[in-house]
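The block underneath contains the structure these notes are about, expressed in structure tokens.
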Amino acid sequence: MTHPSATESPDSTADFERSERRPRGPLTGFRVLDAATVYAGPLAATMLGDFGADVIKLEHPEGDSARTHGWSKNGIGLWWKTLGRNKRTVTAKLSTDEGRELFLELVRTADVLIENFRPGVFEKWGLGPDVLHEINPGLIVLRVTGFGQGGPAAQRRAFGTLIEAMSGLAHMTGEPDGPPTLPPFGLADGTAALAGAYAATLALLHRERGGKGQVIDLSLLEPLLLVLGPGPTVFDQLGEVPGRHGNRSPNNSPRNTYLTADGSWVAVSTSSLSVAQRVLRLVGHPEVVDEPWFQNAGERVQHADDLDAWVGGWIGERPLSVVVSEFERVGAALAPIYTVEDLMNDPHVIERDIITTIDDEDLGPLRMQNVMFRMSETPGGIAYGGRALGADNEEIYVKELGRSVDEIHRLREEGTL
């Protein structure tokens, strides 16, 4: 579905240049209405925008709280710059009649709507899927919640932290004799965002092949649970509950972090037998590679104390540069444990532009993560970083929906925008 109004040249030079820089990826011509907050839903919209979708970020007049999360510079949220990239921003208070009316006008032009209100809130406002599909039968409605639209826990308040606890992630993370450990970032939300972008794209593919719009019920719990491994199957078949192993793996050994002679940490993994053999030969214990127990990854785990002692001892006697070069020489798998500064200075990261630089309208040259993958025919891109709250109210409401400037100013003064 193409929206000519969304691609007409804006009157202002700045808006024209910004729209011209918008990625021309495989989702060009589709419009996404991002009415979600904080992380999972908005990040899914960001991913779609990175590959060409015209994303309109709709916020309460007070703004998405993600604008104030984490670090800031000159009062501008730095996380928002990435989360809000490639999005035009408008405001509307959906609980008011006029805000609801503006929202429904936007819905008529959209291909995908993303929302993450608690189940029943949209219906209370008269914005349930039945209403939305009546005015736009082809609309894809991505509904992101902690526990899903139905079930005993559907109405529970949920943040990613609670999902990371309930999924079993925290129980499996940390040292064996230490407490359950939560990740220091939004892992559950990020995993759900990947799933949401995937689901929305599948729904668009279905619709483009002659299908119709649909509702996607996405919880934070289910995507994270899927990537955590075979825990439910192991418990079902063996009655075992996976626990905490620190930096070791229950699946193979040696696998751990080790300290070099000059105080740097490195990580080693031996998921394949051939790599495990190379590591043990390198560290001076070729005799063990022919042991029957060494041939099986699960049995190597039973000898993790010895394997760690041999690998850790060898690494601990050498500086980082020697350790890295020797592992590379024999074709074994090792990586330094980086800080973000180390990462941004790595030659591979620089060469591939994994951390790219954009020209931000507020902060000037600004570095952030690039798009996640490279497509040879339809590459994505980043046109601009997250914009100010309601920065595109007039461009969208006046130029595209036909409202008057005076009306938009009135609605802003009344608190609807």
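The values are calculated or read from the model by the stated rules, or taken from the named source; none is laboratory data. Values in this document were obtained by computation on a predicted structure and should not be read as measured data. Virtual Cβ from ideal backbone geometry, glycine too; neighbours counted across all protein chains shown. Keep in mind that these areas ignore ligands, DNA and RNA; they rest on the heavy atoms of the full protein, side chains included. Shrake-Rupley method; radii C 1.70, N 1.55, O 1.52, S 1.80 Å.
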Does residue 261 satisfy being within 35 Å of the chain's Cα centre (by Cα) and not in a helix (DSSP H, G or I)? no
Check 342, 306 and return the single one that is loosely packed, with under 15 Cβ neighbours inside 10 Å, more than 17 Å from residue 276 (Cβ to Cβ) and not hydrophobic (A, V, I, L, M, F, W, C). 342
When you scan segment 356-366, do you find a residue that is over 22 Å from the mean Cα position of the chain (by Cα) and assigned to a helix (DSSP H, G or I), even just one? no
Give the residues of segment 208-247 that are among the hydroxyl-bearing types (Ser, Thr, Tyr) and open to solvent by less than 50 Å² (accessible area, probe 1.4 Å), sorted by residue number. 219
For residue 203, are the conditions met, namely being assigned to a helix (DSSP H, G or I), of a type in the set (A, V, I, L, M), within 30 Å of residue 134 (Cβ to Cβ) and in contact with a strand residue (DSSP E or B) (Cβ under 7 Å, 6 or more places away or on another chain)? yes
Only one of (1) in contact (Cβ under 8 Å) with a residue 40 or more places away in the chain; (2) among the small types (Gly, Ala, Ser); (3) surrounded by fewer than 21 Cβ atoms within 10 Å (Cβ to Cβ); (4) within 23 Å of residue 62 (Cβ to Cβ) is not met by residue 190, so which one is it? (4)
Being aliphatic (A, V, I, L, M), touching a residue at least 40 places away in the same chain (Cβ under 8 Å) and part of a helix (DSSP H, G or I) is the requirement here; does residue 408 meet it? no
Taking segment 249-269 on its own, how many of its residues are out of contact with any Ser or Thr (no Cβ under 6 Å at 6 or more places or on another chain) and modelled with pLDDT of 95 or more? 13
Tally up the residues in segment 137-170 that are buried (at least 19 other Cβ atoms within 10 Å of the Cβ) and under 23 Å from residue 56 (Cα atoms), please. 7
In the set 247, 251, which member is farther than 23 Å from residue 346 by Cβ and not in a helix (DSSP H, G or I)? 251
Would you pick out the residues in segment 40-79 that are assigned to a helix (DSSP H, G or I), hydrophobic (A, V, I, L, M, F, W, C) and open to solvent by less than 10 Å² (accessible area, probe 1.4 Å)? 40, 44, 45, 48, 66
So, in segment 80-107, of the ones that are among the hydroxyl-bearing types (Ser, Thr, Tyr) and open to solvent by 10 Å² or more (accessible area, probe 1.4 Å), which residue ends up nearest to the chain's Cα centre (by Cα)? 82
Unique residue being without any contact (Cβ under 8 Å) to a residue 24 or more places away in the chain, farther than 30 Å from residue 38 by Cβ and open to solvent by less than 20 Å² (accessible area, probe 1.4 Å) when the list is 283, 268, 289: 289
All positions within segment 118-136 that are open to solvent by less than 40 Å² (accessible area, probe 1.4 Å) and closer than 15 Å to residue 148 by Cβ: 119, 120, 121, 122, 129
